[in-house]
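What follows is calculated from the coordinates using simple rules that are stated; it is not laboratory data. A quick note: this is a predicted structure, and the numbers were derived from the prediction, not measured. Reconstructed Cβ throughout: ideal geometry from the backbone, glycine too, with neighbour counts over all protein chains shown.
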Amino acid sequence: NEGINEGINEGINEGINELYEFIKSNPNKRVVYIAKKLDIPTKTLERWIKILKDNEKIEFRGSKKTGGYYSINNETN
């Protein structure tokens, strides 16, 4: 079981990292656009976005209709 969970977590972390890199290089995009470009289900993307927001890696800026996600540049290096 441990090996299975490790593989799942690794896949999720890779997906979250891919999402973070996409947002960094494509700021001000909405969930639907990102889901289409990365070919990831919207619900999965929303979960990953919540993780990135909780870890203060990204933020949503603008109004609900026209805003988008941005990377927060709070890294020390």
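For the chain, the Kirkwood hydrodynamic radius from C-alpha pairs, put into Stokes-Einstein at 37 °C and a viscosity of 0.692 mPa s, yields a diffusion coefficient of 250 µm² per second. For segment 49-74, the residues whose backbone nitrogen is under 20 Å from a point 7 Å from the Cα of residue 36, taken along Cα to Cβ, are 49, 61, 63-70. Compactness ratio for segment 1-43: Cα radius of gyration over 2.2 N^0.38 Å (N = residue count) comes to 1.36.
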